[in-house]
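Read the structure below first, then the notes.
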Amino acid sequence: MEERLQKILSRAGIASRRAAERVLAEGRITVNGHTVTEVGTKADVERDDVRVDGVRVRPPQAPVYLMLNKPKGVVTTRHDPEGRPTVMGLVPAVAGLFPVGRLDVTTEGLLLLTNDGAFAERVSHPRYEVPRVYLAKVRNVPEPETIERLRRGVTVDGERLAADHVRLVESDKNAWVEVTLHEGKHHEVRRLLEAVGHPVSKLRRVSIGALSVRGLEPGEFRALTPQEVQALLKPGSHRRAPERSRVAARPRRPAHARRPGHSKGPGQAPRRAAGHGERPGPSGRSGRSDQSGRSDRSDRSDQSGRSDRSGPRKRTHRGRPQR
Ligand code: URA
């Protein structure tokens, strides 16, 4: 079937459609040996020899959508030049799989991984307002005015940062604050809270849209159900009802503030990656044939030579990745 080159690259998990337009304009795509630069050019990736920077674009694999409870100490990248453990070592080796967005190495919680570039683009783009909810343990207890300030927004290093919703969920000597954002600016939660005088000592992402990390222990993953994938793609499905009270005085600790794993949420059973019967060693390498991707979006141009296993498998080893 003939499709526009941007769509071919996006479906193959190589680049978002916008990024593909740039790749096209830069003359990096050939079809049957001829360089093409014209937006709108079509090809049939099953039949035609489509290449980016000389690397053959393969027809897309069946789409895979995983959610992982990323533990602390694991880097959100396909390959870490420093050799630290990466999230790829916790999930099955599916060709073209990459993490959607990023969590800091010291942040734990819900991370999506997919080989579907269009899905990743859709879920991460601020325009679609998919809410991400974080729980942050902060130094001291923020006053209601401080919570209000976070919602109004603060300027940090010349950048305007603001939370969609903020709620104090537990307060004692220190506090847990629930922060909802719909975009993924660098270290956004930490920078926001630090800027108002409450540095973060622990950070966990507890949900993305309707997906909750509940039911997954750190290091466990599961496949999304088709309904969960559809819900993330549905426009306007993420609007949140207005909060009645944004700041609770001394609320009880909500279920998702407790360590996840006490109750199993809906969806498929959690698993741990089997790899090749090995866990990531201290070097962080899983020992697979290819850890060649980079962490940014363009790294999807890695047409990896990974063994293309079809889906998640049960892990054979217990134990946590290195922290
Ligand atoms: N905001 C942060 O500061 N860190 C994360 O990992 C995610 C959001």
* **Yes/no for E159 being within 16 Å of the ligand (Cβ to nearest atom) and surrounded by fewer than 16 Cβ atoms within 10 Å (Cβ to Cβ)** => yes
* **In the stretch 166-184, the residues that are at pLDDT 90 or above and among the charged types (D, E, K, R)** => R167, E178
* Do we have any residue at all in the stretch 45-68 that's polar (S, T, N, Q), surrounded by 16 or more Cβ atoms within 10 Å (Cβ to Cβ) and more than 17 Å from the chain's Cα centre (by Cα)? -> yes
* Structure fact -> Within the stretch 157-213, restricting to residues that are without any contact (Cβ under 8 Å) to a residue 40 or more places away in the chain and assigned to a strand (DSSP E or B), the one that is nearest to V130 (Cα to Cα) is L161
* **Top-ranked residue of the stretch 67-86 - restricted to ones that are basic (K, R) and part of a loop (DSSP other than H, G, I, E, B), ranked as farthest from V100 (Cα to Cα)** => R84
* **Single residue of V87, V154 found to be surrounded by 21 or more Cβ atoms within 10 Å (Cβ to Cβ) and not polar (S, T, N, Q)** => V87
* To do: Quick one: which residue in R149, R204, R167 is touching a Leu at 6+ places or on another chain (Cβ under 9 Å) and charged (D, E, K, R)?
  => R204
* Asked: What single numbered condition from (1) farther than 21 Å from M67 by Cα; (2) in contact with a Gly (Cβ under 6 Å, 6 or more places away or on another chain) fails to hold for R191?
  -> (2)
* To do: Determine which member of the set L135, L111 is within 15 Å of the ligand (Cβ to nearest atom), closer than 29 Å to V57 by Cα and outside any loop (DSSP other than H, G, I, E, B).
  => L111
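The values are calculated or read from the model by the stated rules, or taken from the named source; none is laboratory data. Since the model is a prediction, treat every value here as computed from it, not as a measurement. Cβ: placed from backbone, ideal geometry, glycine included. Neighbour counts: every protein chain shown.
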